[in-house]
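The values are calculated or read from the model by the stated rules, or taken from the named source; none is laboratory data. Computed from a prediction, not measured in an experiment: that's the story for all the values here. Heads up, the Cβs are rebuilt from the backbone with ideal geometry, glycines too, and the neighbour counts pull from every protein chain shown. The accessibility values were calculated without ligands, DNA or RNA, using every heavy atom of the protein model including side chains. Shrake-Rupley method; radii C 1.70, N 1.55, O 1.52, S 1.80 Å.
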Amino acid sequence: MSDPEQVAAYSHAGRIDGVMSASYLFHSAHISQVIQGCARVLDLGCGPATQLGQVAGLNPDTEFVGVDLSETMLESGRKHVASLGLQNVSFRQGDITRLACIPDRSVDAVMSTVVLHHLPARQHLDDCFREISRVLKPGGAVYLTDFGRLKSLKSVLFFAYMNAAHQPHLFSLDYERSLRAAFEYDEFRDAATNFLPSAVNLFSTFKVPFLMIAKSASKPLSQDLSVKIRQMRQALPRRYRKDLDELRLFFRLGGLDADPFGGKY
């Protein structure tokens, strides 16, 4: 994604008060559990750094490196990180299937959120997962999430346009294209099994794999971070807090435990 108008629409919808804010907070909380104790974390396909900025703000003692192929996205990310006053984030331009900018065994964790469907073919997914294993230190942590391909076009259109009244049209259109381009659950599972560390487990939303997560084990959060994450949930507008709690529930029914938000769904 390099068109400035597309980048602006994507960035706006994903900021903390945008329609994707529930999803970002959900992943930021779970990523924080996975990367506890990690000194250097690589974010693949960081885009405008909405997710990266939120995770880095929650984990100020960890160094983060964002990689993206689009220089337009990276420039948006740099501006966003600067606006947050973060000092623990840097950026690299690169192809996530050929991470020439990242040395072997040089990062403690790899994260990626809703990016992998941009890869054009299953071979590219394999190449990306192979590169993840190359750059990870032994015992390194992983958190990768993406859409799962839906079987019904009706379902695709429903999810893509359900919030159309509250987001830019270009965002809705990109959302539809992303859902159409997503990998199937079995493809994601097989690539993870073949190339990622054996400690990585795969989860999806209950019954319909609308979203998938391949992740390492969760670790306990500090009391301060745990309280902050719960306060951030409470601060969401009621509509988006409901979206977050539904996401928590569907993943819990799909087997994902260690809920960082606590309390009711």
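Of note:
- Of the residues in the range 223-231, at least one is surrounded by 15 or more Cβ atoms within 10 Å (Cβ to Cβ) and small (Gly, Ala, Ser).
- Sole exception among (1) open to solvent by less than 40 Å² (accessible area, probe 1.4 Å); (2) touching a Phe, Trp or Tyr at 6+ places or on another chain (Cβ under 8 Å); (3) outside any loop (DSSP other than H, G, I, E, B) for Pro48, by number: (3)
- Sole residue being in contact (Cβ under 8 Å) with a residue 12 or more places away in the chain, among the β-branched types (Val, Ile, Thr) and open to solvent by less than 10 Å² (accessible area, probe 1.4 Å), chosen from Val34, Val89, Val114: Val34
- The numbered conditions (1) modelled with pLDDT of 95 or more; (2) open to solvent by 10 Å² or more (accessible area, probe 1.4 Å) are all true for Ser23 except (1).
- Among (1) open to solvent by 80 Å² or more (accessible area, probe 1.4 Å); (2) in a helix (DSSP H, G or I); (3) in contact with a Phe, Trp or Tyr (Cβ under 6 Å, 6 or more places away or on another chain) - the single one Phe206 does not satisfy: (2)
- Hits in the range 189-198 (condition: free of Cβ contacts under 8 Å to residues at least 24 places away in the same chain and either part of a loop (DSSP other than H, G, I, E, B) or within 24 Å of Arg248 (Cβ to Cβ) (or both)): Arg189, Ser198
- Within the range 62-71, the residues that satisfy the criterion of being surrounded by fewer than 19 Cβ atoms within 10 Å (Cβ to Cβ) and free of Cβ contacts under 8 Å to residues at least 60 places away in the same chain are Glu63, Leu69.
- Some residue of the range 92-109 being in contact (Cβ under 8 Å) with a residue 60 or more places away in the chain, surrounded by fewer than 20 Cβ atoms within 10 Å (Cβ to Cβ), in a strand (DSSP E or B) and touching an Asp or Glu at 6+ places or on another chain (Cβ under 6 Å): no
- Cross-chain or 6+ apart pairs with Cβ under 7 Å, the range 72-86 first and closer than 15 Å to Gly57 by Cβ, then assigned to a helix (DSSP H, G or I) and small (Gly, Ala, Ser): His80/Gly53; Val81/Gly53; Leu84/Gly53; Leu84/Gly57; Leu86/Gly53; Leu86/Ala56; Leu86/Gly57
- The requirement of being part of a loop (DSSP other than H, G, I, E, B), at pLDDT below 95 and buried (at least 16 other Cβ atoms within 10 Å of the Cβ) is fulfilled nowhere in the range 54-61; no residue meets it.
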